[in-house]
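Just below is one structure, and these are the notes that go with it.
The values are calculated or read from the model by the stated rules, or taken from the named source; none is laboratory data. Everything quoted here is computed from the prediction, not taken from an experiment. Backbone-built Cβ (ideal geometry, glycine too); neighbour counts: all protein chains shown.
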Amino acid sequence: MFNQYVKHSRTTILFFMMLGAFIIMSLFLPGKFLTLSNFQSIASQIPEFGLLAIAIMLAMLTGGIDLSIISTANLAGVGAALILTKYSLPQLGAYEESYIIFLAIVSAIGISLLCGLINGLLIAYIKVPAILATLGTMSIFSGIAIVITKGYGIQGFSEKFLYIGSGTILAIPMPMIIFIVFILLMSLILNRTSYGFNLYMLGSNPVASRFSGINNRGILVRTYILSGLCSGLASIIMISRVNSIRPGYGSAYLLQAILVCVLGGVDPSGGYGNISGLVMGIIVLQILQSGFNILSFSPFFKNVVWGLMLILVMILNFYSSRYTQKIRKKLKVD
Amino acid sequence: MTGTIYKSQIQKVFNQNEAYLSLIIVAYSILVTSLNPSFLSFENLLDLGKSSASMGIMAIGVFVVLLSGGIDMSFTAIAISGQYIAANVLIASGVDNIYFAFLISCLVGLSLGAVNGLIISYFKIPTFIATLGTLNVFHGILLTVVGTKAVNSAQLPDCFKKFGATNVFTVIKPEGGSYGLSIFTVIFIAVALLTWFILTYTQLGRGIYAIGGDMEAANRAGLNVFSIQFFIYCYVGILAGIAGVLHVSLIRYSNPTYLVGTELSVIAPVVLGGTRITGGSGTVIGTILGVAMITLLNKSLILIGLSSFWQEFFTGVIVAISVSLSSYQIRKNMMI
């Protein structure tokens, strides 16, 4: 009952933060913030970034972290881009072109699943701390991407492929549709399957979950594979939106993705956090981001704001957890 | 009976990461030298000692943090802040004195480290998240407030260049030219000795091992966890400040976008040296050997015929293998 109250108050606070950010931006940037094109640009940026945030959230739910998301996305993107550029000839028919695009998408997802599997095996079976394991694989994956591309970018994909990143259906950007389908699927997995239940259990107390007969290792490996899958999907959307890939692309997303998770109520020590909170966190961040873009803040200054926000949210969490502990003690005494 | 004791003593020596690492370093040096005979000259070794000093000092700082069970991502931002601010203050004030540069850089390092220490020890924020935040805050503030323009070699005060060329002893080569033991290496050794002394012979140092082993136990045993953690991050800040000045003196150029992003190449030697991220275990010697190994590898990649594109890949492989090995050892010991 009490926990329920805490959970709901958290979601309510987030909702009001979202509303507050929206109102402040509309009031202070009249005629610039509330435009269709601005909302379309927000909507086209949310998915790739949101998918990466889900990837981090999954790892955080187990009490770990996945720092290799960006390099997984880069490597998967390089793999897809190589197939797209190598086999796309002007004389190809529509059927062959679709086949190559399908092949590129499958290989990007395959690479990202493999990256996730490597992380999962290191963390679950060799018991390497998640930070160090993924810090190492981050360097390995982006190192492979650099060696393959020799540091150059790959660009120029076929029109059909670009539709994934920049097409629209009923004025809704295509990436947004993919993202909405994916988060519905994810919340279903997290809330309605035994895997999801076990994941939360493992995150809040690994020893207890092991003694209640849960296969901790299996859950961990599956979680990091799923986290890799999110990065792979993000990479497909990313490369088709900007029509190019370069190793190191999107490295700024790591800080923002961690910030969004913490903002959305995901506990970095594991066990707490849900998709709805995360999505609200993403929306708050994107509203601020678009406001900063309109005000033309430099990327360095944006980083200052994101860094400060990250620390402030963590400090607020510290006080709120202290406060709830106090109330809990009082309730016990009464 | 005697046989088992003898065996356990051998195991004691060879279970140590340092022994393995020394063997690998020697074997690798022989391999590289056989491919390129000029590699293992005395001159080249002294040069390696000079160019690795800045990274080595930062690695010692990271080592202390890992020992306490934390991780620091912000030390590169601290080092570049100290370096860039010191260079700019020296230019603006017209004072051409290397001690003044060290003073400013270390003060900057100390204050930024204190911010880290306060956030981590008071608010109990996970160290990775806290320092990832401050990394971006420090670097962002440096670039927005202080500036983004690089200080080039002509603008750089002479004391940096003079300091960079200072040798403790110099050998004149018969065919002309000279080489020697750089003061950088001496500073690195001094920092390593100081850290070793603090960790081994002071209560503070034993406290660092203790909170790395089990923070709750250390707290209940009456150790002041708050002040120990605060000290650790201040110490890392000061070391980063020193490393910043060495870095600018070596490359004679101060670009505020340098160093940041190379965190892993400093963390790599520390985990390679056998320090466990879960805390409580690791030695200064191991870290120094790790620095030697990584420097050797970075400098020899081109000599053994691989392009510098491979550098990041190899750093990652080294980190992955060394953390896997040490995690595997922990598990094996626990099973026994």
Looking at A:Leu331, A:Leu316, which one is outside any loop (DSSP other than H, G, I, E, B) and either under 21 Å from the mean Cα position of the chain (by Cα) or within 14 Å of another protein chain (Cβ to nearest Cβ) (or both)? A:Leu316
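Quick check: is even one residue across the range A:47-55 in contact (Cβ under 8 Å) with a residue 40 or more places away in the chain, surrounded by 24 or more Cβ atoms within 10 Å (Cβ to Cβ) and over 20 Å from A:Phe141 (Cα atoms)?
Checked the range A:47-55: at least one residue is in contact (Cβ under 8 Å) with a residue 40 or more places away in the chain, surrounded by 24 or more Cβ atoms within 10 Å (Cβ to Cβ) and over 20 Å from A:Phe141 (Cα atoms).
Quick one: is A:Ser107 more than 14 Å from every other protein chain (Cβ to nearest Cβ), farther than 19 Å from A:Ile282 by Cα and not hydrophobic (A, V, I, L, M, F, W, C)? Can you show your working first?
Details: more than 14 Å from every other protein chain (Cβ to nearest Cβ): yes; farther than 19 Å from A:Ile282 by Cα: yes; not hydrophobic (A, V, I, L, M, F, W, C): yes.
Against the criterion (more than 14 Å from every other protein chain (Cβ to nearest Cβ), farther than 19 Å from A:Ile282 by Cα and not hydrophobic (A, V, I, L, M, F, W, C)), A:Ser107 qualifies.
Mind counting the residues in the range B:52-68 that are closer than 17 Å to B:Gly212 by Cα and not aromatic (Phe, Trp, Tyr)?
Applying the first criterion (closer than 17 Å to B:Gly212 by Cα) to the range B:52-68 yields B:60-68.
So of that shortlist, the ones also not aromatic (Phe, Trp, Tyr) come out as B:60-62, B:64-68.
Number of matching residues: 8.
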Just wondering, is there one or more residues in the range A:279-295 that are surrounded by 23 or more Cβ atoms within 10 Å (Cβ to Cβ) and within 11 Å of chain B (Cβ to nearest Cβ)? no
Conditions first: (1) over 17 Å from the mean Cα position of the chain (by Cα); (2) charged (D, E, K, R); (3) more than 30 Å from A:Leu295 (Cα to Cα). A:Lys32 passes all but one, so which condition is the exception? (3)
So which residues in the range B:314-336 are at pLDDT 85 or above and more than 20 Å from the chain's Cα centre (by Cα), if there are any at all? B:Ser324
Please find, among B:Gly279, B:Gly290, the residue that is more than 12 Å from every other protein chain (Cβ to nearest Cβ) and out of contact with any His (no Cβ under 8 Å at 6 or more places or on another chain). B:Gly290
Collect the residues in the range A:184-207 that are surrounded by fewer than 18 Cβ atoms within 10 Å (Cβ to Cβ) and under 10 Å from A:Ile219 (Cα atoms), keeping them in residue-number order. A:Tyr195, A:Gly196
All-but-one check, B:Leu223 against (1) surrounded by 18 or more Cβ atoms within 10 Å (Cβ to Cβ); (2) part of a helix (DSSP H, G or I), failing number (2)
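This table checks each residue for (1) within 14 Å of chain A (Cβ to nearest Cβ); (2) outside any helix (DSSP H, G or I); (3) under 23 Å from the mean Cα position of the chain (by Cα).
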| residue | (1), (2), (3) |
| --- | --- |
| B:Pro37 | no, yes, no |
| B:Gly69 | yes, yes, yes |
| B:Ile80 | yes, no, yes |
| B:Tyr84 | yes, no, yes |
| B:Asn88 | no, no, no |
| B:Ile91 | no, no, no |
| B:Val108 | no, no, yes |
| B:Val115 | yes, no, yes |
| B:Leu118 | yes, no, yes |
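Scan the range B:246-265 and tell me whether some residue there is outside any loop (DSSP other than H, G, I, E, B), touching a residue at least 60 places away in the same chain (Cβ under 8 Å), within 25 Å of B:Gly69 (Cβ to Cβ) and within 14 Å of another protein chain (Cβ to nearest Cβ).
Scanning the range B:246-265 turns up at least one residue that is outside any loop (DSSP other than H, G, I, E, B), touching a residue at least 60 places away in the same chain (Cβ under 8 Å), within 25 Å of B:Gly69 (Cβ to Cβ) and within 14 Å of another protein chain (Cβ to nearest Cβ).
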Yes or no: the range A:133-146 includes at least one residue that is in contact (Cβ under 8 Å) with a residue 40 or more places away in the chain, more than 14 Å from chain B (Cβ to nearest Cβ) and out of contact with any Pro (no Cβ under 9 Å at 6 or more places or on another chain). no
